[in-house]
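J.: Before we start, here is the structure in question, set down as structure tokens.
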Amino acid sequence: MIRVEQREGWRRLVLDRPAKLNALTREMIEALLAAIDAAEADSACRAVVLTGEGRGFCAGQEVGADFLPGPDGPPDLQALADRYHHEVVRRIRGSRLPFVCAVNGVAAGAGASFALAADIVLAARSAVFVQAFIRIGLVPDSGGTFFLPRLVGDARARALTLLGDAIDADTAERWGMIWKAVDDSVLESEAEALAVRLARSPAQALAGIKQLLAGAAQNSLDGQLDLEARMQGEAGRSADFAEGVRAFQAKRPPRFS
Ligand code: T3D
């Protein structure tokens, strides 16, 4: 259900349930969490690509029998979100690793939110993003209401979530929801090129940038300036900084450790 492909310096995590457009089950999310933790724990891993097998990226949570009321009443979606979906988002955003999401097809419901949680989102031109929650009487979760207004603005976030209409990858790029829409045939190679580049970049600085951007969501300007100064202090003590300066002065490419 989750395929982990080890590459030199990075890992490719593939949602692998193509017959159901990679709709998420509890077991699948547990496997995804384990795969993220394993990447995080591997000091040789410096970037992650998240993508899907087949014609979909992820159709959100499995809309199955357990979504209907059973003998004990309706399902406890709060517990489901807390224990599964929201852990994925917390781990992607809290990770030291840069996450590239290669959206290879439809990204719906929690699948769209997982994509938006990534640091850099590439999408195949044929891919669409659907805030599908409203179509079955739910509200967006997995960070959808956090990411969308910040990415596309309030007016577009409201229409997308209230109407549940699909938008294509080119529109998503134009609206600033994702980094880039690319031809389907080059999605994988473009995602790989980004992962290789990130894997060769100064890892401590990449992790620092993620922390700073997370802090910017809550901090005042003063608070953010303090955080930037502290993290710049840490970056300034790193071997990668010394190497970057030496390489610049010697007019050669840097070799980050
Ligand atoms: O507590 C909590 O946090 C709750 C969790 C909530 C998070 C959520 O994600 S809620 C939202 C759940 N997702 C949806 O409601 C989306 C449902 N799917 C769709 O609306 C459509 O499938 C798509 C718009 C994504 C794609 O449409 P299309 O026409 O390209 O494909 P399709 O024919 O509908 O789907 C292909 C197959 O995948 C089909 O199976 P079949 O008939 O060939 O055997 C379809 O039933 C299955 N599938 C697609 N999405 C799901 C799914 N099966 C189970 N669950 C799905 N989410």
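The values are calculated or read from the model by the stated rules, or taken from the named source; none is laboratory data. Given the structure is predicted, the values throughout are model-derived calculations rather than measurements. Positions of Cβ are generated from backbone atoms using ideal geometry, with glycine treated the same way; all protein chains shown enter the neighbour counts. For accessibility, only protein heavy atoms count, side chains too; no ligands or nucleic acids. Shrake-Rupley method; radii C 1.70, N 1.55, O 1.52, S 1.80 Å.
J.: What number of residues within the range 130-158 satisfy the criterion of being among the hydrophobic types (A, V, I, L, M, F, W, C) and more than 10 Å from the ligand (Cβ to nearest atom)?
T.: The initial filter retains those residues of the range 130-158 that are among the hydrophobic types (A, V, I, L, M, F, W, C), namely 130, 132-134, 136, 138-139, 146-148, 151-152, 155, 157.
Those left that are additionally more than 10 Å from the ligand (Cβ to nearest atom): 146-148, 151-152, 155, 157.
The number of residues fulfilling the criteria is 7.
J.: Taking the stated definitions as given, is GLU188 among the acidic types (Asp, Glu) and closer than 30 Å to ASN104 by Cα?
T.: In short, yes.
J.: Which one is most open to solvent (accessible area, probe 1.4 Å) among residues in the range 52-78 that are part of a helix (DSSP H, G or I) and closer than 15 Å to VAL139 by Cα?
T.: Within the range 52-78, the subset part of a helix (DSSP H, G or I) is 65-67, 77-78.
Okay, now just the ones that are also closer than 15 Å to VAL139 by Cα, so 67, 77-78.
On the way: PHE67: 49, LEU77: 59, GLN78: 137 Å².
Ranking the candidates gives GLN78 first.
J.: Count, please, the residues in the range 165-192 that happen to be more than 17 Å from the chain's Cα centre (by Cα) and surrounded by fewer than 18 Cβ atoms within 10 Å (Cβ to Cβ).
T.: 12
J.: Can you confirm whether the range 217-224 contains a residue that is in contact with a Phe, Trp or Tyr (Cβ under 9 Å, 6 or more places away or on another chain) and either under 24 Å from LEU97 (Cβ atoms) or at pLDDT below 95 (or both)?
T.: Pass one, the range 217-224, residues in contact with a Phe, Trp or Tyr (Cβ under 9 Å, 6 or more places away or on another chain): 217.
If we keep only those that are either under 24 Å from LEU97 (Cβ atoms) or at pLDDT below 95 (or both) as well, we get 217.
Yes, some residue in the range 217-224 is in contact with a Phe, Trp or Tyr (Cβ under 9 Å, 6 or more places away or on another chain) and either under 24 Å from LEU97 (Cβ atoms) or at pLDDT below 95 (or both).
J.: If I go through the range 152-164 residue by residue, how many of them are open to solvent by 20 Å² or more (accessible area, probe 1.4 Å) and more than 20 Å from the chain's Cα centre (by Cα)?
T.: Initial filter on the range 152-164 (open to solvent by 20 Å² or more (accessible area, probe 1.4 Å)): 153-156, 158-159, 161-163.
The next check asks that each one be more than 20 Å from the chain's Cα centre (by Cα); those that pass are 154-156, 158-159, 162-163.
Matching residues across the range 152-164 total 7.
J.: Still on this structure, please answer the following. Output yes when any residue across the range 23-40 is assigned to a loop (DSSP other than H, G, I, E, B), within 13 Å of the ligand (Cβ to nearest atom) and open to solvent by less than 40 Å² (accessible area, probe 1.4 Å), and no when none is. Reasoning before the result, please.
T.: Going residue by residue through the range 23-40, those that are assigned to a loop (DSSP other than H, G, I, E, B) are 23, 25.
Next cut, within 13 Å of the ligand (Cβ to nearest atom) only: 23, 25.
Retained after the next criterion (residues that are open to solvent by less than 40 Å² (accessible area, probe 1.4 Å)): 23, 25.
Looking for residues that are assigned to a loop (DSSP other than H, G, I, E, B), within 13 Å of the ligand (Cβ to nearest atom) and open to solvent by less than 40 Å² (accessible area, probe 1.4 Å), one finds at least one in the range 23-40, hence yes.
J.: Mind checking which residues of the range 108-142 are closer than 17 Å to TRP179 by Cβ, under 11 Å from the mean Cα position of the chain (by Cα) and either assigned to a helix (DSSP H, G or I) or among the charged types (D, E, K, R) (or both)?
T.: ALA112, SER113, PHE114, ALA115, LEU116, ALA117, ASP119
J.: Looking only at residues in the range 97-107 that are in a strand (DSSP E or B) and open to solvent by less than 10 Å² (accessible area, probe 1.4 Å), which one is nearest to the ligand (Cβ to nearest atom)? It would help to see each step written out before you state the result.
T.: Just the residues of the range 97-107 that are in a strand (DSSP E or B), to begin with: 99-103, 106-107.
From what is left, the residues that are open to solvent by less than 10 Å² (accessible area, probe 1.4 Å) are 99-103, 107.
Values: PHE99: 19, VAL100: 22, CYS101: 16, ALA102: 17, VAL103: 12, ALA107: 8 Å.
The selected residue is ALA107.
J.: From the list ARG83, ARG3, ARG93, which one is basic (Lys, Arg) and within 16 Å of the ligand (Cβ to nearest atom)? Don't jump to the end; show me each part of the working.
T.: Working: ARG3 fails: within 16 Å of the ligand (Cβ to nearest atom); ARG93 fails: within 16 Å of the ligand (Cβ to nearest atom).
Result of the check over ARG83, ARG3, ARG93: ARG83.
J.: Follow-up question, since we're still on this one. Whether any residue in the range 152-170 is at pLDDT 95 or above and closer than 27 Å to ALA203 by Cβ is what I want to check.
T.: We begin by selecting, within the range 152-170, every residue at pLDDT 95 or above; these are 152-170.
Those still in the list that are closer than 27 Å to ALA203 by Cβ too: none.
No, the range 152-170 contains no residue that is at pLDDT 95 or above and closer than 27 Å to ALA203 by Cβ.
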